[in-house]
Amino acid sequence: MFEIDLKDFFKEAVGSVRNFRVSGILQKKIQPFLVDKLDVKGEISVKRQENSAVIVGQIDYKVQASCDRCQKDFTFRNHQAFTKYLSDEKLRHLKFGQYPLLDDIIESIILNKPIAIVCKTGCRGLCSGCGADLNEESCNCSESDHIKNNPFIVLKRDNHGSTEKENFKSQNRQPTKSD
């Protein structure tokens with residue numbers, strides 16, 4: 001399924017090319033997705049070079065994933081390319097002339113995984129105050145609820161312990177009778 005036949009490829013003329021199609025379900029736990037199955041399809045070409053071969057792959061895959069912002073399950077789809085170089089020595093010692101692509105495909109998926117997997121480009125995620133799905137409803141939280149429940153608010157504090165927002169409000173406040 002994820003093996004390509006390169007038997008005696010090292011004997012072929014420089015510039016020779018072999019093309020392959022691969023497809024199947026990867027039944028292996030892949031860390032970034034924490035799933036057992038990825039549906040993979042792709043096209044692979046192997047070009048003979050002097051003393052080596054280069055494998056160029058284009059793969060498409062889909063997997064059931066959970067959105068990093070709103071936590072909804074959805075089908076994540078991705079396309080990526082990978083390149084692998086093989087020495088003639090490695091080509092000569094392939095078991096039955098079969099080159100296993102599985103590790104190269106998994107490595108490519110892991111190394112090219114997006115930082116955040118989101119269900120859609122404009123996903124607004126969950127409210128940090130009440131947990132409402134902001135894609136479906138607005139929340140009734142006050143600004144202070146958002147500040148109180150935001151673990152990163154301490155990063156915005158100045159040397160006097162005030163937040164950037166508090167400083168802005170105190171500098172731009174309206175004069176009162178007591179002023």
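List of remarks:
- Cα centre as origin, Lys/Arg/Asp/Glu Cβ charges: the stretch 41-149 dipole, Debye: 400 debye
- FRET efficiency for Ser45 and Thr75, using Cβ-Cβ distance with R0 set to 30 Å, rounded to 0.05: 0.60
- Taken one residue at a time, the phi angles of the stretch 37-53 give Karplus couplings (6.51, -1.76, 1.60, θ = phi - 60°) of 9, 10, 8, 10, 9, x, 10, 10, 10, 10, 10, 6, 10, 5, 6, 6, 9 Hz. Gly and Pro are set to x.
- Efficiency of FRET between Phe96 and Ala116 - r from beta-carbon atoms, R0 45 angstrom, step 0.05: 0.60
- Counted residue by residue at 0.36 nm each, then reduced by the alpha carbon distance between them, the extension gain from Tyr85 to Ala132 reaches 12.0 nm.
- Charge tally around Ile4: other residues with Cβ under 12 Å, Lys/Arg +1 each, Asp/Glu -1 each, net 0.
- Over the stretch 3-111, relative contact order from alpha-carbon pairs under 8 Å, at least 6 apart, %: 29 percent
- Look at the dipole of the stretch 3-111 built from charges on Cβ: of Val46, Leu26, Gln58, the Cα furthest out on the positive end belongs to Leu26.
Bear in mind that the values in this text are calculations on the coordinates, not laboratory data. Model, not experiment: these values are computed from the prediction. Note: ideal-geometry Cβ built from the backbone for every residue, glycine included; neighbour counts use all protein chains shown.
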